[in-house]
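One structure is given here, and the rest of the page talks about it.
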């Protein structure tokens, strides 16, 4: 008898692959898993971007103070009216999309002796917020809890 007509051979061939239905069910399950997992990945990436921006703001504040001491000039740290940019002098940085920065007390001036006018800066993006305060006497930058 030929192999094509052998029932045992036909049974072995059908067990070697997947049916179309099995493949479609597997794809549907994978699609559901990706849809559930992707928003959490997106949120994690947005958090990392926000965290990086927060580090940049703190670095800029500390750098403005150091520049004032080093140069012997008063250095003004400020945020833009649209709250998307921050910095001092020619050192201006832009926050990621959706984030905003504000200096509720107005700009913060750092003086050559290391002191400052004092003040606060807040950055926000959705549910996240980071705050810093600058002490007037010492010019020290502190992250608020």
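The values are calculated or read from the model by the stated rules, or taken from the named source; none is laboratory data. Since this is a predicted model, take the numbers as computed values, not measurements. Cβ sites come from the backbone with ideal geometry, for glycine too, and all protein chains shown count toward neighbours.
Below are the figures for this structure:
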{"item": "Residue identified as farther than 28 Å from residue 137 by Cβ, touching a strand residue (DSSP E or B) at 6+ places or on another chain (Cβ under 9 Å) and surrounded by 14 or more Cβ atoms within 10 Å (Cβ to Cβ) among 64, 101, 116, 53", "result": "53"}
{"item": "Test for residue 139: is it surrounded by 14 or more Cβ atoms within 10 Å (Cβ to Cβ) and not in a strand (DSSP E or B)", "result": "yes"}
{"item": "Test result for residue 100, over 22 Å from residue 43 (Cβ atoms) and either over 25 Å from the mean Cα position of the chain (by Cα) or at pLDDT below 95 (or both)", "result": "no"}
{"item": "Hits in the stretch 120-136 - residues which are in contact (Cβ under 8 Å) with a residue 40 or more places away in the chain, under 19 Å from the mean Cα position of the chain (by Cα) and either part of a strand (DSSP E or B) or farther than 17 Å from residue 50 by Cβ (or both)", "result": "121, 123, 125, 128, 130, 132"}
{"item": "Hey, residue 69 in contact (Cβ under 8 Å) with a residue 24 or more places away in the chain, more than 19 Å from residue 144 (Cβ to Cβ) and surrounded by 15 or more Cβ atoms within 10 Å (Cβ to Cβ) or not", "result": "yes"}
{"item": "Near pairs, Cβ below 7 angstrom, 6+ apart or cross-chain, from the stretch 86-108 (at positive phi) to any residue that is surrounded by fewer than 14 Cβ atoms within 10 Å (Cβ to Cβ)", "result": "98/126"}
{"item": "Of all residues in the stretch 73-97 being more than 27 Å from residue 47 (Cα to Cα) and in a loop (DSSP other than H, G, I, E, B), the one that is farthest from the chain's Cα centre (by Cα)", "result": "73"}
{"item": "Per-region count, the stretch 11-50, residues under 26 Å from residue 126 (Cβ atoms), surrounded by 11 or more Cβ atoms within 10 Å (Cβ to Cβ) and more than 19 Å from the chain's Cα centre (by Cα)", "result": "0"}
